[in-house]
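Trainee: Right, I'll just put the structure down here and ask away after.
Just so it is clear, none of the values below were taken in a lab; they were calculated from the coordinates. Predicted model, so just to flag it, every value in this text is computed and none were measured. Ideal geometry is used to build each Cβ from the backbone, glycine not excepted, and the neighbour counts take in all protein chains shown.
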Amino acid sequence: MTEDSHSIPPPGETKCGFIALAGAPNAGKSTLLNRIVGTKIAIVTPKVQTTRSRMSGIAIRGAAQVIFIDTPGIFTAKRRLERAMVAAAWSGVADADVTVLLVDADRAAKSPARMDPDTAGIVEGLKRVKGHAVLALNKIDLVPRNLLLELIKVHDASGVFDRILMISALNGAGVEDMVDFLVSNLSPGPWLYPDDQLSDVPMRVMAAEVTREQAFLQLHQELPYSLTVETDSWQDRADGSVRIDQTILIRRESQKGMVVGKGGTRIKSIGAASRLALEELLGHKVHLFLHVKARSDWMDKPEHYREIGLDFKS
Ligand SMILES: Nc1nc2c(ncn2[C@@H]2O[C@H](COP(=O)(O)OP(=O)(O)OP(=O)(O)O)[C@@H](O)[C@H]2O)c(=O)[nH]1
Ligand SMILES: [Mg+2]
């Protein structure tokens, strides 16, 4: 994915670095990535465990190219897919110069006297990695100031954070100040990506994510966690439009009815919303064909993990 060019500073004056966005599920990591980059790269839903693999978002501020890595939420994972997601998050942290630990301040404010168990676990993990860590209390648009001050005190006591910042990824409050702070601490170095590149997520994966976002939004209970989306084919047409065929894989034949809906209404509605989002992303007309297939073992297939950049461990 690319955008209009920036003027590239002369060699020797540039900065570059990797910054991981980590935190418990639903903390707002993907919302923050999209806001910083200024375009939608990662999908966002009100449900936990939306992000399943690492997604880079490349931002340029002055002479600095900053590669932000959105990661899956870190939680106590049980299933193979969940374990691979959490492992991907920690590898994002391990590879980064700085990790921004995002905390949902609204959730944390429910018991402000101590860190919530998910965050406390991540803080312990951060003590074992060599990069620096910064805490971002997110969703401050929902939290009264006196509670925020309490949260700052509790998190500061952990001793792992160089700085504690308060932001709203949703309305942008504090976000550019945070980016300024992160950029000011980056090391000099050459830019690693072309100046117009916004992400290194392949387009077919991003397109599958767009449909998965709609499936997450429009389906409920266990279904979002039982499905995945794969892009099967992508054909550019002479008239400038594109035909995209995708399959929504579910685990059981009995789930098909719920994904398709009465008279096909649900799948039509998922397809319509996804097509609109894809047209916005790609900037041209899209013909989207969605198929639904039951494949009980998709979560145990190494190829699926490879496609979305997860490590498959037996
Ligand atoms: N009010 C408010 N809501 C926010 C803010 N940031 C994110 N949200 C909401 O929080 C929910 C989760 O946001 P995501 O960006 O998907 O969170 P995430 O950390 O990427 O979640 P996972 O990928 O599941 O780990 C969405 O409904 C967002 O709109 C914020 O600053 N304020
Ligand atoms: Mg996410």
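Trainee: Given labels modelled 7 Å from the Cα in the Cβ direction, how far is it in nm from LEU142 to ASP106?
Mentor: 0.3 nm
Trainee: Put +1 on the Cβ of every Lys and Arg and -1 on every Asp and Glu Cβ in the chain; which of THR228, VAL201, THR31 then has its Cα farthest towards the positive end of the dipole?
Mentor: Going by the Cα projections, it comes out as THR228.
Trainee: Does anyone have the angle between helix 175-184 and the longest principal axis of the chain? Alpha-carbon axes, 0 to 90°, nearest 10?
Mentor: 60 degrees
Trainee: How far apart, in nm, are two points set 7 Å out from the Cα along the Cα-to-Cβ line at SER184 and at LYS293?
Mentor: 5.3 nm
Trainee: Using a simple spin-label model with points 7 Å from Cα along the Cα→Cβ vector, what separation in nm is obtained for ARG80 and VAL154?
Mentor: 3.8 nm
Trainee: For a quick protection proxy, order the peptides 41-54, 161-174 by their average other-Cβ count within 10 Å, most packed first.
Mentor: On the way: 41-54: 19.7, 161-174: 17.9.
The peptides rank, most packed first, as 41-54, 161-174.
Trainee: Further question on the same structure: Near LYS256, which aspartates and glutamates are there with a Cα under 20 Å away, not counting those fewer than 8 places off in the same chain?
Mentor: Here the aspartates and glutamates satisfying the reach criterion relative to LYS256 are GLU209, GLU213, GLU222, GLU230, ASP232, ASP245, ASP297, ASP300.
Trainee: So, one more: Report the semi-axes of the equivalent ellipsoid for the stretch 1-78 in whole Å, largest first, where each axis is √(5λ) for an eigenvalue λ of the Cα gyration tensor. Mind showing how you got there, number by number?
Mentor: On the way: eigenvalues 159, 34, 14 Å².
Computed over the stretch 1-78, the values are 28, 13, 8 Å.
Trainee: For the chain, give me the percentage of DSSP beta bridges that are antiparallel, rounded to the nearest 5 percent.
Mentor: Values: 17 of 49 bridges.
Looking only at bridges with both residues in the chain, the antiparallel portion is about 35 percent.
Trainee: What three numbers, in Å, describe the spread of the alpha carbons of the stretch 211-257 along their principal axes, ordered from the longest?
Mentor: 41, 20, 15
Trainee: Give me the tail of P(r) for the stretch 185-305 as a percent: Cα-Cα pairs with distance above 25 Å. Walk me through the numbers before you get to the answer.
Mentor: On the way: 2320 of 7260 pairs.
Of all Cα-Cα pairs in the stretch 185-305, 32 percent lie more than 25 Å apart.
Trainee: Share of Cα-Cα pairs in the chain beyond 24 Å, in percent?
Mentor: That tail contains 55 percent of the Cα-Cα pairs.
Trainee: Also, I was wondering about something else. Determine, from the Cβ-Cβ distance of ALA238 and ALA87 and an R0 of 35 Å, the FRET efficiency 1/(1 + (r/R0)^6), rounded to the nearest 0.05.
Mentor: 0.20
Trainee: List the extent of the Cα atoms of the stretch 107-243 along each of their three principal axes, largest first, rounded to whole Å.
Mentor: The Cα atoms of the stretch 107-243 stretch 60, 46, 31 Å along the principal axes, largest first.
Trainee: From the cross-link list LYS29/LYS301; LYS29/LYS127; LYS15/LYS139; LYS47/LYS285, which pairs have alpha carbons spaced over 23 Å apart? Before the final figure, lay out the partial values.
Mentor: Values: LYS29/LYS301 27 Å; LYS29/LYS127 20 Å; LYS15/LYS139 29 Å; LYS47/LYS285 29 Å.
Listed pairs above 23 Å: LYS29/LYS301; LYS15/LYS139; LYS47/LYS285.
Trainee: Another question, if that's okay. Compute the whole-percent fraction of alpha carbon pairs in the stretch 11-156 spaced more than 28 Å apart. Please list the in-between numbers first.
Mentor: Working: 1876 of 10585 pairs.
Across the stretch 11-156, Cα pairs with separations above 28 Å total 18 percent.
Trainee: Let me ask another. Let me know the Rg and Dmax you get for the stretch 240-314 when you use only its Cα atoms, in Å.
Mentor: Expressed in Å, the Cα Rg and Dmax of the stretch 240-314 come to 14.7, 43.
Trainee: Nearest 10 degrees, 0 to 90: what angle lies between the long axis of helix 203-218 and the longest principal axis of the chain (Cα atoms)?
Mentor: Long axis of 203-218 versus the principal axis of the chain: about 90 degrees.
Trainee: Rounding to the nearest 10 and keeping the result within 0 to 90°, find how far the Cα-based axis of helix 145-156 lies from the longest principal axis of the chain.
Mentor: 80 degrees
Trainee: Ranking request for peptides 94-100, 200-206: highest mean number of other beta-carbon atoms within 10 Å first, then the rest in descending order.
Mentor: Details: 94-100: 21.3, 200-206: 16.9.
Per-residue mean Cβ counts within 10 Å order the peptides as 94-100, 200-206.
Trainee: OK, next. Write down, largest first, the equivalent ellipsoid semi-axes of the stretch 111-155 in whole Å, where each equals the square root of 5 times an eigenvalue of the alpha-carbon gyration tensor. Display every interim value, and only then the final one.
Mentor: Working: eigenvalues 95, 28, 15 Å².
That gives 22, 12, 9 Å for the three semi-axes.
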